[in-house]
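Down below is the structure, laid out as structure tokens.
The values are calculated or read from the model by the stated rules, or taken from the named source; none is laboratory data. Just so it is clear, the model here is predicted, and its values are computed rather than measured. So basically every Cβ, Gly included, is an ideal-geometry build from the backbone, and we count neighbours across all protein chains shown.
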Amino acid sequence: MRDIRNVQMVGRTSDGRLVQRPLSGHLSVYLDFDMIVSVGHRITGCAIAIGTIVLVWFLVATASGEAAYANVSWFLRTPVGYLALFGWTAALWYHFCVGIRHLIWDAGRMYDLPTVRRSRGVILGATVVLTLLTWLIALS
């Protein structure tokens, strides 16, 4: 059986000669932790958007009256509601921390590999600490 990648790597130059081109990186070639951090940034952006819809629901219910507020409050105080709020908080802090790293990169700093590796640990650690701190303050 012939390897499909050989077919994908064949191309032609502008004058028509066949050449073998390298495959671009994708999930079947490698899965890097930095790629997971980047995909996580996109996923948390979507989670923040969904959580913001819940926040708007809460604000509209608060302005609508006691009965509407009671319904939203009941939902948010269930285990599913607490889990959703905790996840939204973690998504907010993660997205914030990765966004700070992107701002630093936009300034042309922290591109060397050891610093990138260190920054992803800082991002994950800061996300955990800031999320737990937020909930400790909110519940006290």
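Below, the figures for the structure above:
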| item | result |
| --- | --- |
| Residue that is modelled with the highest pLDDT, among those in region 99-134 that are touching a helix residue (DSSP H, G or I) at 6+ places or on another chain (Cβ under 7 Å) and among the small types (Gly, Ala, Ser) | 126 |
| Count of residues meeting criterion [within 19 Å of residue 80 (Cβ to Cβ) and surrounded by fewer than 16 Cβ atoms within 10 Å (Cβ to Cβ)] in region 39-48 | 1 |
| Residue pairs meeting the criteria (Cβ under 8 Å; at least 6 apart or on separate chains; first closer than 16 Å to residue 41 by Cα and in contact (Cβ under 8 Å) with a residue 40 or more places away in the chain, in region 95-119; second aliphatic (A, V, I, L, M) and part of a helix (DSSP H, G or I)) | 95/48; 98/37; 98/123 |
| Candidates 129, 56, 72 - the one that is out of contact with any Cys (no Cβ under 7 Å at 6 or more places or on another chain), farther than 30 Å from residue 10 by Cα, surrounded by 14 or more Cβ atoms within 10 Å (Cβ to Cβ) and among the β-branched types (Val, Ile, Thr) | 72 |
| Subset of region 79-91 (residues that are surrounded by fewer than 17 Cβ atoms within 10 Å (Cβ to Cβ) and touching a helix residue (DSSP H, G or I) at 6+ places or on another chain (Cβ under 9 Å)) | 81, 82, 86, 87 |
| Positions within region 52-84 being of a type in the set (A, V, I, L, M) and closer than 23 Å to residue 134 by Cα, in sequence order | 53, 54, 55, 56, 59, 72, 76, 80, 83, 84 |
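Residue-wise test of (1) at pLDDT below 80; (2) not small (Gly, Ala, Ser).
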site	(1), (2)
6	yes, yes
10	yes, yes
37	no, yes
56	no, yes
62	no, yes
65	no, no
90	no, no
97	no, yes
